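Data first, discussion second: the structure below is written as C-alpha cells.
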Amino acid sequence: MNGGDEVVAAPAGPPQPLEWKFSQVFGERTAGEEVQEVDIISAIEFDKSGNHLATGDRGGRVVLFERTDAKDHGGSRRDLESVDYTISRHPEFRYKTEFQSHEPEFDYLKSLEIEEKINKIRWCQTANGALFLLSTNDKTIKYWKVQEKKVKKISEMNVDPSKAIANGCISSIASSSNSSSPRPSYLANGGSPDKSYSYLTNDFPFPPGGIPSLRLPVVVVTSHETSLIARCRRVYAHAHDYHINSISSNSDGETFISADDLRINLWNLEISNQSFNIVDVKPANMEDLTEVITSAEFHPTHCNMLAYSSSKGSIRLVDLRQSALCDTHAKLFEEQEAPGSRSFFTEIIASISDIKFGKDGRYVLSRDYMTLKLWDINMDSGPVATFQVHEYLRPKLCDLYENDSIFDKFECCLSGDGSRVATGSYSNLFRVFGCTPGSAEATTLEASKNPMRRQVQTPARPARSLGSSLTRVVRRGADSPGVDANGNSFDFTTKLLHLAWHPTENSIACAAANSLYMYYA
C-alpha cells in the first residue's frame, strides 16, 4: 500500500506444487549390501502430535523415533513470545528405542506357522508422559506402554570391621579389653562370637566375630539419564480365524477394531479376553463367498462410525448405533464399471488395499492396484477425484499376474490439511497428487537421497472424466510397457508399499526395504 493506493489481492488459485527435499534416512544400505528379510519395514505410523514415529518390520520388532527439532526451540514462554518471527524448520527425528513385539509361533490345531511380521501399528492416547500403541501380526494384537524410567543404582553393602557396629554386635576383643578376667562375649541376638556360623550357608560363611558393620542397601540416583522401558499391557488373541489386515484406534480412547478377511471385531483396550463381532461377511456356504474385507478404519472424530473396504472395490460406511451386528451398511461407495471393459483382471485390480480418512472425516482415500480415489462421504454416486498411479502397467497385467505383483498391497495417505494425497509404486517410487479444485499437481519421487532425480519436467494435466463433472482423472505416464511414468524401466522387486504423512506438516516418511526415508517440502 503506497500513497493511499489499495492493492487488490488476486483470486487465490490452486496451491503451487511442492518442491520435495531429502531430510533423513535410517538404515541406509551400502551399495551391494544384501537386505535381510527380517529387517524389511512392514508398517509406518505417525502419532497424532507428529512428535513420534513408529515402524514395524518382518522380524516382529517395533522401532520408535522422536522428533528433535521441536525441542531445540526451547526456552521459557517469555523467550518464545519475544521472538517476532516464526521458526520454520522441517521435522527431524532421532532413534528413540526399539522392542520385540511379536515372536514366530506355531498353530498346532491348523499346523500353520504364524509369522512374527508386524502388519499394522496404531498409536493410542498418551497418558502421564507414557506412549501407548497397538501392534499386530497375522493373529495377535498387543497393547504396548513405552515409558521413561530414571536410572537408579543400589550402593554396595558397606562392610567395615573398624567402624562402630550398628546392630549391637560386640567383638570378642572389645568386650575383653575392659576387664581383667576374660569373659565370653556375646552378640546382640544371643549368638556367641566364638562359634563359627559357616555351617548355615556354604555361600557366605559368617566371620567368628559376626559382621561388625552392616549397612542397609541405599538406592541412589547416579545420574539424570533415563532408560525407555516397553511393557506389554494387554494381549488380544484367539479372535480371528483369518489373517488380521487392519487395526484402528477409536476417537473415544477406549476401544479399537481389528479386521480380517471376513470379520471385524470391536475391543475394549482394558479387556483382552473378549471382543464383539460387529461385521461378519462370512456366508453360510463358503462357496458363495464373493468378496472379502481388505481394510477397516474408525472415523477420526465420530466414535460410532467406521469404514471398511472390500476386494470388489467398494467402501461401506457403518454406524454402530444402528445395530449390534453391522452387516447392513449405512452407505455404500463404489464406482460403476464401464460397459464392455470387463476382463479377467478387472476384479483383481479393483480390490482396495488401503483406506484412510482425512483429518476432519469428510473424505476417504482409497488405493486399488491402478488408482487412488478420493471419496466424499456425503456423496455416494462416485469418487470426487481419481488419480492414475499404475495406468502404464495395464499392458503388463499378464506378467504382473504371473509373478504375483498384481496382488501387492500399496498403502495411501493424506496430508494434514487434506490438500494432497500420496501412495507408493514400483522402483521405490512414490506419487504425490494435489486434490484441491483446479490443481494439476502430480509429482513422482524416488526413495533416495535425491528424490527429484526421476521427476518429469512436463506437468501432468488433469483430464475431465466423461461420466461426472465432479470426477477428475489425473493421467500420468506413458503407455509403453517397459517403462514407468517417467520413461524409466521399472523394477517389480523394489516396491514402496508403506508410507505416512506427518499430521501437521508437509513431511512424508516412507519405507524402501529396510530403509526409512523422510522428506519435507
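Need a quick list: strands (runs of 3 or more DSSP E) entirely within segment 350-422 having at least 1 residues that are open to solvent by 10 Å² or more (accessible area, probe 1.4 Å) and out of contact with any Lys or Arg (no Cβ under 7 Å at 6 or more places or on another chain). Walk me through how you get there before you give the answer.
Values: elements: 354-357, 363-367, 371-376, 385-388, 412-414.
In segment 350-422, 354-357, 363-367, 371-376 are the strands (runs of 3 or more DSSP E) which contain 1 or more residues that are open to solvent by 10 Å² or more (accessible area, probe 1.4 Å) and out of contact with any Lys or Arg (no Cβ under 7 Å at 6 or more places or on another chain).
Check whether at least one residue in segment 321-334 is surrounded by 16 or more Cβ atoms within 10 Å (Cβ to Cβ) and outside any loop (DSSP other than H, G, I, E, B), and report yes or no.
Checked segment 321-334: at least one residue is surrounded by 16 or more Cβ atoms within 10 Å (Cβ to Cβ) and outside any loop (DSSP other than H, G, I, E, B).
For segment 247-268, which positions are assigned to a loop (DSSP other than H, G, I, E, B), more than 23 Å from Lys359 (Cβ to Cβ) and either within 20 Å of the chain's Cα centre (by Cα) or at pLDDT below 95 (or both)?
Asp260
State whether one or more residues within segment 366-376 are within 19 Å of His299 (Cα to Cα), in contact with a Leu (Cβ under 6 Å, 6 or more places away or on another chain) and in contact (Cβ under 8 Å) with a residue 12 or more places away in the chain.
The answer is yes; a qualifying residue exists.
Quick one: what pairs do we get from segment 503-521, first residue closer than 15 Å to Arg67 by Cβ and open to solvent by 30 Å² or more (accessible area, probe 1.4 Å), second assigned to a strand (DSSP E or B) and of a type in the set (S, T, N, Q), C-beta under 6 Å, 6+ apart or different chains?
Tyr520/Ser23; Tyr520/Ser507
Please specify each residue of segment 213-245 satisfying the condition of being open to solvent by 50 Å² or more (accessible area, probe 1.4 Å), of a type in the set (S, T, N, Q) and at pLDDT below 70.
Of everything in segment 213-245, just one residue is open to solvent by 50 Å² or more (accessible area, probe 1.4 Å), of a type in the set (S, T, N, Q) and at pLDDT below 70, namely Thr222.
Whether any residue in segment 78-90 is within 27 Å of Lys139 (Cα to Cα), touching a strand residue (DSSP E or B) at 6+ places or on another chain (Cβ under 8 Å), at pLDDT 65 or above and surrounded by fewer than 17 Cβ atoms within 10 Å (Cβ to Cβ) is what I want to check.
Looking for residues that are within 27 Å of Lys139 (Cα to Cα), touching a strand residue (DSSP E or B) at 6+ places or on another chain (Cβ under 8 Å), at pLDDT 65 or above and surrounded by fewer than 17 Cβ atoms within 10 Å (Cβ to Cβ), one finds none in segment 78-90, hence no.
When Asp360 is evaluated against the numbered criteria (1) in contact with a strand residue (DSSP E or B) (Cβ under 9 Å, 6 or more places away or on another chain); (2) among the acidic types (Asp, Glu); (3) at pLDDT below 95, which criterion, by number, is the only one it fails?
Of everything listed in (1) in contact with a strand residue (DSSP E or B) (Cβ under 9 Å, 6 or more places away or on another chain); (2) among the acidic types (Asp, Glu); (3) at pLDDT below 95, Asp360 misses just condition (1).
The values are calculated or read from the model by the stated rules, or taken from the named source; none is laboratory data. Given the structure is predicted, the values throughout are model-derived calculations rather than measurements. Glycine gets a Cβ as well: all are built from the backbone with ideal geometry, and neighbour counts include every protein chain shown. These accessible areas exclude ligands, DNA and RNA; they are computed on the full protein's heavy atoms, side chains included. Shrake-Rupley method; radii C 1.70, N 1.55, O 1.52, S 1.80 Å.
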